[in-house]
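The values are calculated or read from the model by the stated rules, or taken from the named source; none is laboratory data. Treat the numbers as computed from the prediction; the structure is a model and nothing was measured. Cβ atoms come from the backbone with ideal geometry, glycine included; neighbour counts cover every protein chain shown. Accessible surface is based on the protein model in full, side chains and every heavy atom, while ligands, DNA and RNA are left aside. Shrake-Rupley method; radii C 1.70, N 1.55, O 1.52, S 1.80 Å.
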Amino acid sequence: MNQPATDGSASGKLILAWIWVSIPLLWGIWVTFGNVAKLFTPPAAP
Amino acid sequence: MAAFLDRSHSIAGPGFSRWLVPPAALCIHLCIGQVYAFSVFNKPLAQLLCAAQSACPPATAKVISTIPGDWSITDLGWIFSLAIVFLGLSAAVFGRWVERVGPRMAMFAAAVLFGAGLIVAGFGTAIHNLPIVFLGYGVIGGSGLGIGYISPVSTLIKWFPDRPGLATGTAIMGFGGGALIGAPLAVLLMKHYSSPTSNGVAATMVTMGIIYFLYMMVGALIVRLPAVGWAPAGYVAPTESRGLITSGNVLVGDAIKTPQFWLIWAVLFLNVTAGIGVLGQASLMIQEMFGVVAAAAAGFVGLLSLFNMVGRIFWASSSDALGRKRTYMIFFALGAVLYAFVPSLGHAHALVLFILAYAIILSMYGGGFATVPAYLRDMFGTVQVGAIHGVLLTAWSAAGVAGPVLVNYIRQYQIDHGVAKADAYSVTMYIMAGLLVVGFICNWLITPVAQRYFVKSGTAEAAA
């Protein structure tokens, strides 16, 4: 019983679902990159 | 409610996109992956009493609290360990139940347990009762972790028979990503709730319990099972076994009798042991070996978390083309070489190469988790792969205890015997390389499962 991957009615839900999971993940990656940048930043002179 | 959660009500109708199932799985894994970020609570939990009296030492002080009765970091370490142990135990015990009731009920149970676990831990924190925190996050939350971890795996494998590595890799990538979200979210909330007499950790746990419950419920709402006999367009299921990829099915009770299951158990155990111990020591290690400041060390840990996450999707999807056995051969061979070189890179003060080596090692640590469901599917078929995966996760629990103990013990032994702190990691790295060589041998010994363990097609359908 083969079935196409998606149809028109599913597309809206699909986009919403992927946005729902992407937002927190991208926020987490953004914050992490901020910390990673510190690794390559020379410490400020005392 | 019970009817909605029932397996029969979560069968997909015509036109349902299978690409909705990975985000459903991610809703669960992005939340439960918070366990990797639990250490962000350790210091605030160790300062509850001194915070209440506005008498905590400054951040630069060597002691965390001078108030008698404040919890020690050693005691608090048990919260994470308990959660990982209960993750493995609940995945093993409830694996067959998850297969029977379907992903929606399992995801709902995981959301309730994980959310309630955080709320109970928040309550235990508010009344300063450590056993309640152990019960909340370690036992209740840990059980939610185990059920949540396995709940989408077999569903994804059924939806993506053509790309099982990619599908399970996407979900398990979410577990790696959960730490990237959980740590800054906790910091943000603790800042919001803090007052002159509280560091806000109890309220933060309760809030996170509610947020995570609601977020996980979205996954339970959108997940669907494929109808019996469904296959993606253009996909033809193999009718004969090819190499390690079987066309038959082994039930969980029989799978655990095969040497192949225990070899894969050892493969996962050794891969995780080598990674988890070092992950816990990463911050301290780079500070002692290279003299970097704590903020930069946090950046190193963040980078490792990123590679841990990206490695899950990269290696698991690559394994669809490379083959699972070959993928693990790469993990163990490359991992052993990199671990063996790390001490030399430390002595040479080659910071960039050192970071790069660890980034690759951690990508393979994550890749090991994400590739193993597809490995099990190849060896034992799809019918009870979720339950088999559940039992296999006891390897993670064992490694969660063995890895940190091994690394901490070896390091302390060397320091006690006069080895400089910066050099104390060398022996540990060589031992890790040795563990990976053993893992290489275990993986190399894996052969197709004997025919006597496979069930007849009628029995397989009944067990599905």
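Odds and ends about this structure:
Each row is one residue, and each column tells you yes or no for (1) within 14 Å of chain A (Cβ to nearest Cβ); (2) closer than 24 Å to B:Ile360 by Cβ; (3) under 28 Å from the mean Cα position of the chain (by Cα).
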| residue | (1), (2), (3) |
| --- | --- |
| B:Pro238 | no, no, no |
| B:Val250 | no, no, yes |
| B:Val267 | no, yes, yes |
| B:Ile276 | no, yes, yes |
| B:Ile286 | yes, yes, yes |
| B:Ala298 | yes, yes, yes |
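- When we screen B:Val342, B:Val292, B:Val301 for residues that are modelled with pLDDT under 90, open to solvent by less than 10 Å² (accessible area, probe 1.4 Å) and β-branched (Val, Ile, Thr), the only hit is B:Val342.
- Flag for B:Ala167 being under 20 Å from B:Gly386 (Cα atoms) and either in a helix (DSSP H, G or I) or free of Cβ contacts under 8 Å to residues at least 24 places away in the same chain (or both): yes
- Entirely in segment B:42-108, the helices (runs of 4 or more DSSP H) that have 3 or more residues that are among the β-branched types (Val, Ile, Thr) and in contact with a Ser or Thr (Cβ under 7 Å, 6 or more places away or on another chain): B:73-101
- Given (1) within 14 Å of chain A (Cβ to nearest Cβ); (2) at pLDDT 90 or above; (3) surrounded by 13 or more Cβ atoms within 10 Å (Cβ to Cβ), number of the condition B:Pro232 does not satisfy: (2)
Yes/no per residue for (1) open to solvent by 10 Å² or more (accessible area, probe 1.4 Å); (2) within 14 Å of chain A (Cβ to nearest Cβ); (3) within 25 Å of A:Ala37 (Cα to Cα):
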site: B:Asp320; (1), (2), (3): yes, no, no
site: B:Phe331; (1), (2), (3): no, no, no
site: B:Val337; (1), (2), (3): yes, no, no
site: B:Ala350; (1), (2), (3): yes, no, yes
site: B:Ile360; (1), (2), (3): yes, no, yes
site: B:Ala387; (1), (2), (3): no, no, no
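- Residue, nearest to the other protein chains (Cβ to nearest Cβ), within segment B:8-40, restricted to residues that are open to solvent by 60 Å² or more (accessible area, probe 1.4 Å) and touching a Leu at 6+ places or on another chain (Cβ under 7 Å): B:Trp19
- Any hit, segment B:142-159, residues being within 21 Å of B:Ala374 (Cα to Cα) and either without any contact (Cβ under 8 Å) to a residue 12 or more places away in the chain or outside any helix (DSSP H, G or I) (or both): yes
- Residue match in segment B:334-348 (condition: on the phi < 0 side of the Ramachandran plot, under 20 Å from the mean Cα position of the chain (by Cα) and free of Cβ contacts under 8 Å to residues at least 60 places away in the same chain): no
- Flag if B:Ala282 is open to solvent by 10 Å² or more (accessible area, probe 1.4 Å) and within 14 Å of chain A (Cβ to nearest Cβ): no
- Exactly one residue out of B:Ile276, B:Ile264, B:Ile256 is among the β-branched types (Val, Ile, Thr) and surrounded by fewer than 19 Cβ atoms within 10 Å (Cβ to Cβ): that is B:Ile256.
- Residues that are of a type in the set (Phe, Trp, Tyr) and open to solvent by less than 10 Å² (accessible area, probe 1.4 Å), drawn from segment B:125-148: B:Tyr137
- Residue that is surrounded by the fewest Cβ atoms within 10 Å (Cβ to Cβ) [pool: residues in segment B:41-56 that are under 33 Å from the mean Cα position of the chain (by Cα) and touching a residue at least 60 places away in the same chain (Cβ under 8 Å)]: B:Leu49
- Number of positions in segment B:155-188 that are open to solvent by 10 Å² or more (accessible area, probe 1.4 Å) and of a type in the set (Gly, Ala, Ser): 2
- Those residues of segment B:236-251 which are open to solvent by 10 Å² or more (accessible area, probe 1.4 Å) and either in contact (Cβ under 8 Å) with a residue 24 or more places away in the chain or in contact with a Cys (Cβ under 7 Å, 6 or more places away or on another chain) (or both), in sequence order: B:Ala237, B:Ser241, B:Gly243, B:Leu244, B:Ile245, B:Thr246, B:Ser247, B:Gly248, B:Asn249, B:Leu251
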